[in-house]
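K.L.:
Take a look at the following structure, please.
The values are calculated or read from the model by the stated rules, or taken from the named source; none is laboratory data. Fair warning: this is a prediction, and the values are worked out from it, not measured in the lab. Positions of Cβ are backbone-derived with ideal geometry, glycine not excepted, and every protein chain shown enters the neighbour counts. For accessibility, only protein heavy atoms count, side chains too; no ligands or nucleic acids. Shrake-Rupley method; radii C 1.70, N 1.55, O 1.52, S 1.80 Å.
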Amino acid sequence: MLDKLKQFGRNFTETTPFILSNTVIFVPYLLFLSLNNGYSWATVLPFTLFYTFRMTGLFLIRGIHAGLDSYTLLMISLLVGGAGSLFGLFGLLSFPLFYLSAICLGLSAAWLVPANVTVNFHEKQQGFINIKGKKYVYALVMLALLYEIVRLPMPLQLAATLAFYTLLYVMAYHTVKHYPRYELDFKDVQRNLIEKKELLLFFGFFISLFLLRTARLLMDTALFDVALFSILLLYILITFYLSRKKQSWVLPNWLNLLTFLDGMIGNFLFLFGTFYLGITAGFDQLATSLYFPYITGLILAKLVGPALRKKLPESHSIASHCLGLLLSFGVFLIPNAFSIGIFLLSFVHTLLGSNLNQMYEQLEEVSPDQRLIVKYTTQNKGSLTHQFFLMGVLLFSTRQLGKPIRFLLQMTGTMRQSAESIQLMEQAKWFSLSVLILLTAIVYYLWKEAKKNATIH
């Protein structure tokens with residue numbers, strides 16, 4: 001009887017790396033956003049620090065020549081994240097500890113996902129599958145519990161979620177520590193895969209994103225102008241650099257663009273989805289209108305994904321993903337169907353992410369322990385680009401309505417808004433979807449051309 005109880009508990013514990021890797025991006029996002037009152041740096045900083053470190057953390061780890069293997073990086077991310085959750089709990093007693101909590105959880109969110117996926121691939125190659133079959137049922141129970149905790153009123157929501165997250169990190173660390181050991185041959189790993197330009201990108205994106213986020217939450221128009229100028233300058237430099245280095249790219253153009261698009265879609269789901277539904281349905285409804293459909297789509301994709309991959313020929317996988325994305329984007333164009341679109345896009349996005357992970361794991365041009373780091377770094381670039389693009393669209397639309405910049409900054413606050421702000425969000429939705437649809441079509445075209453050229457040769 002005791003052994004059965006231990007195994008029952010172990011089934012829950014073994015799902016925690018999966019749960020964390022699929023929620024650590026947006027659960028702290030919502031928590032730290034709820035701390036902001038829109039008037040002082042003190043309340044803005046936790047969210048700004050979390051989001052900025054989450055988006056730029058991979059540039060940092062690639063830029064400092066750390067040379068960490070994925071298993072070590074995973075363990076570090078769990079320790080850092082656990083410390084962040086604990087700091088957050090004590091932040092209820094002393095607010096400045098929320099700053100440490102935000103930094104730690106931001107870095108954990110940046111590192112945990114690619115490290116966990118890489119370790120899972122290595123373990124699978126040795127015949128050990130970390131989560132499969134009925135374990136997804138236990139994961140669903142844990143996610144349902146997390147969902148109920150996130151729905152609690154403040155400040156109980158904040159305390160309960162951080163306490164639960166601390167427990168998840170402890171359980172995940174215990175689980176990963178007992179993974180069967182795997183062997184990797186690092187003799188041929190080339191150190192120049194971790195380039196110095198990534199460190200420059202970290203500082204560039206960090207400063208630009210920090211200024212943009214702070215300006216938006218404080219509704220500071222002067223700071224917003226500085227942020228936009230720094231972003232524009234950064235992208236001019238990136239464009240110039242890429243135009244000179246294009247011939248030395250080792251990965252196919254369609255794969256780079258598809259990974260970049262995957263990051264843009266992630267930002268559309270999390271960031272734009274948060275503000276669109278917050279403004280149109282109310283920020284108090286995000287757990288129901290955003291979190292629930294997103295998690296449902298993700299779990300369903302994890303359950304049926306392997307069966308779908310077996311039925312679809314590998315030669316048609318990219319075409320199938322592109323079709324799925326286009327259908328999902330189409331749902332967003334239907335009035336009052338945004339939450340349904342979140343569910344469908346989350347489903348397709350998860351399937352696409354799993355497929356991209358498989359593709360990158362098979363790349364011979366990149367060392368085994370850097371393949372998914374490269375993938376997630378490109379993905380983050382897409383996410384950042386979509387965010388800056390979105391702010392540009394909102395700024396343009398605000399000017400068209402004859403409104404000052406302060407109206408835009410007030411619109412993205414955490415209060416339900418006016419008919420004009422809803423109109424702006426609708427315009428931003430149409431612009432975003434137009435770009436995503438166009439990029440999906442370009443990916444399909446580039447993939448078809450590459451496939452045709454491969455057949456000829």
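K.L.:
Of all residues in segment 431-451, which are modelled with pLDDT of 90 or more, of a type in the set (A, V, I, L, M, F, W, C) and open to solvent by 70 Å² or more (accessible area, probe 1.4 Å)?
P.N.:
Leu438
K.L.:
Say whether the condition of being part of a helix (DSSP H, G or I) and either over 30 Å from Val137 (Cα atoms) or modelled with pLDDT under 55 (or both) is met by at least one residue in segment 285-300. Outline the logic, then answer.
P.N.:
Filtering segment 285-300 for residues part of a helix (DSSP H, G or I) gives 285-300.
Add one more test, that the residue is either over 30 Å from Val137 (Cα atoms) or modelled with pLDDT under 55 (or both), and what stays is none.
The answer is no; no qualifying residue exists.
K.L.:
Would you confirm, using the coordinates I've provided, whether Thr280 is buried (at least 20 other Cβ atoms within 10 Å of the Cβ) and not small (Gly, Ala, Ser)?
P.N.:
So Thr280 fails the test.
K.L.:
Given the conditions (1) open to solvent by less than 30 Å² (accessible area, probe 1.4 Å); (2) in contact (Cβ under 8 Å) with a residue 12 or more places away in the chain, which single one is not true for Thr385?
P.N.:
Of everything listed in (1) open to solvent by less than 30 Å² (accessible area, probe 1.4 Å); (2) in contact (Cβ under 8 Å) with a residue 12 or more places away in the chain, Thr385 misses just condition (1).
K.L.:
It is to be established whether one or more residues within segment 301-311 are part of a helix (DSSP H, G or I), touching a Gly at 6+ places or on another chain (Cβ under 6 Å) and of a type outside the set (Lys, Arg). Steps first, answer last, please.
P.N.:
As a first pass, look at segment 301-311 and keep what is part of a helix (DSSP H, G or I): 301-311.
Still in the list and also touching a Gly at 6+ places or on another chain (Cβ under 6 Å): none.
Scanning segment 301-311, I find no residue that is part of a helix (DSSP H, G or I), touching a Gly at 6+ places or on another chain (Cβ under 6 Å) and of a type outside the set (Lys, Arg), so the answer is no.
Here is a yes/no grid of residues against (1) charged (D, E, K, R); (2) open to solvent by 10 Å² or more (accessible area, probe 1.4 Å):
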{"position": "Leu325", "(1), (2)": "no, no"}
{"position": "Pro335", "(1), (2)": "no, yes"}
{"position": "Asn357", "(1), (2)": "no, yes"}
{"position": "Glu361", "(1), (2)": "yes, yes"}
{"position": "Pro368", "(1), (2)": "no, yes"}
{"position": "Thr378", "(1), (2)": "no, yes"}
{"position": "Met391", "(1), (2)": "no, no"}
{"position": "Phe396", "(1), (2)": "no, yes"}
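K.L.:
State yes or no: is Gly81 part of a helix (DSSP H, G or I), within 29 Å of Ser367 (Cβ to Cβ) and in contact (Cβ under 8 Å) with a residue 24 or more places away in the chain?
P.N.:
Values: part of a helix (DSSP H, G or I): yes; within 29 Å of Ser367 (Cβ to Cβ): yes; in contact (Cβ under 8 Å) with a residue 24 or more places away in the chain: yes.
Here the answer is yes, as Gly81 does meet what is asked.
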